[in-house]
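Report on the following structure.
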Amino acid sequence: MNTNTKVKRLGIPSTLILWLLALGFAVPVAWFLLSSFKPGSELFSLPLTLFPEDWTVSGYSTAWNRFNFAQYFMNTAIVAIVTTALTVVVSAMTGYAFAKYNAWWLKAFFICILATTMLPTEVIMPSSFAVVRDLGLYNTLAGIIVPSIITATGIFMFRQYFKTIPDELLEAARIDGVSEFGAFWRIMLPLAKPIAVVLAIFSFQWRWNDYIWPLIVLRDPSQYTLQVALRSIVGADNIDWSVLLAASVISLVPMVVLFAIFQRQIMNADINSGLKD
């Protein structure tokens, strides 16, 4: 009884600290969300208040109608979904080759891919832009998608996971007459579902929130993604804060929905499930 009591007493401060940290993160988020329902005249009036005195959704309606948000949503969704699907498939196939084929040039190629993680994105952008321009992909959504398909992080995740799968499983499949592509598609990729889900969520988030690369590649406003469109709302001298806040909240909705749907799969994913040492 005494031991349990001491444990409980020791647990109180840590729980209190966690609640304080959660509150510290929740207050700015709540302020941001509630401010989007305030009229522009109330945003900077003193004293500042957390809850709006006059609730309004005019910022949302103005943002949606004035800036063609439906088109921006469609452009961003196309980029995020297509890039995510291709990133998962290409990363899985590349990671499978690095993990299960023994060739010196594959090992050297893998080291070169990992080396790209040590380079700042800004260093690679000029050469990437030159390739996109020469391929005729400038000012197109394909110009955003193609350079973003291959990620060293995704390849490394799949490679490390496939390393844990016994080679005997592949040998048995080959003896049964399964082709190399069939072994990958029907055996290896289903086993790597937890990795695929995690990479898909990360990739979708990266592409949805990407700003610099779409800003460089896109010139036509009708091709803008959400983040570039949000920047266009901010004027040089006069910023309509109520519209900007509402537009920012709208852009966050898909990410919140994505997290709500897949959070259990991420938290409960066991990347070594079904395998034995």
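Rounded to the nearest 10 degrees, the angle from helix 69-100 to the longest Cα principal axis of the chain is 20 degrees. Proximity of backbone amide H atoms, modeled 1.01 Å from N, is registered between Tyr138 and no other residue at under 5 Å, excluding neighbours fewer than 5 places apart on the same chain. For the chain, lysine pairs with C-alpha atoms less than 28 angstrom apart, excluding pairs fewer than eight positions apart on the same chain, total 9. Ranking Ser232, Tyr96, Gly59 by Cα position along the charge dipole of the chain, where only Lys, Arg, Asp and Glu carry charges on their C-beta atoms, puts Tyr96 farthest toward the positive end. Scalar couplings 3J(HN,Hα) for region 203-208, obtained by applying the Karplus form with A = 6.51, B = -1.76, C = 1.60 to θ = phi - 60°, are 5, 4, 5, 4, 6, 5 Hz; x denotes Gly and Pro. In region 66-268, taking the dipole from charged Cβ atoms about the Cα centre, the farthest positive-side position among Leu245, Pro190, Ile212 is held by Pro190. Our analysis of the chain gives Rg over Rh at 1.07, with the two radii drawn from alpha carbon positions and Rh computed by the Kirkwood formula.
When the helix-only estimate is applied to the chain (DSSP H runs of n ≥ 4, each -39,500 (n - 2.57), divided by the residue count), what is the mean residue ellipticity at 222 nm, nearest 500 deg cm²/dmol?
Value at 222 nm, helices only, nearest 500: -22500 deg cm²/dmol.
The relative contact order of region 1-126 comes to 12 percent, based on Cα pairs under 8 Å that sit 6 or more residues apart.
Considering only Leu218, Leu34, Leu23, the mean-square fluctuation computed in a Gaussian network model of the chain, springs between alpha carbons under 10 angstrom, is largest for Leu23. Comparing Asn102, Asn139, Asn209 in a Gaussian network model of the chain where C-alpha atoms under 10 Å apart are linked, the largest mean-square fluctuation is found at Asn102. Here the label points at Thr49 and Lys193, each 7 Å from Cα along the C-beta direction, are separated by 5.1 nm in the simple model. Between Ile78 and Asn139, full extension at 0.36 nm per residue minus the direct alpha carbon distance yields a gain of 20.5 nm.
Spin-label pair Met125-Asn65: with each label point 7 Å from Cα along the Cα-Cβ axis, the two points sit 3.6 nm from one another.
Dipole check for the chain: with +1 at the C-beta of Lys and Arg, -1 at the C-beta of Asp and Glu, and the Cα centre as origin, the magnitude is about 640 Debye.
Between Phe156, Phe67, Phe51, where does the largest GNM mean-square fluctuation fall for the chain, given springs only between Cα atoms within less than 10 Å? Taking springs between Cα atoms under 10 Å, the residue moving most is Phe51. In this rough spin-label picture, where each label sits 7 Å from Cα along the Cβ direction, the Arg264-Val89 distance is 2.9 nm. Relative to one another, the C-alpha centroids of region 148-199 and region 33-59 are positioned 52 Å apart. To the nearest ten degrees, helix 104-115 and the longest principal axis of the Cα atoms of the chain are 10 degrees apart.
A short reminder: the numbers here are calculations on the coordinates, not readings from a lab. Bear in mind that the values here come from a model prediction, so they are computed numbers and not experimental data. No Cβ is skipped: glycine too gets one built from the backbone with ideal geometry, and neighbour counts run over all protein chains shown.
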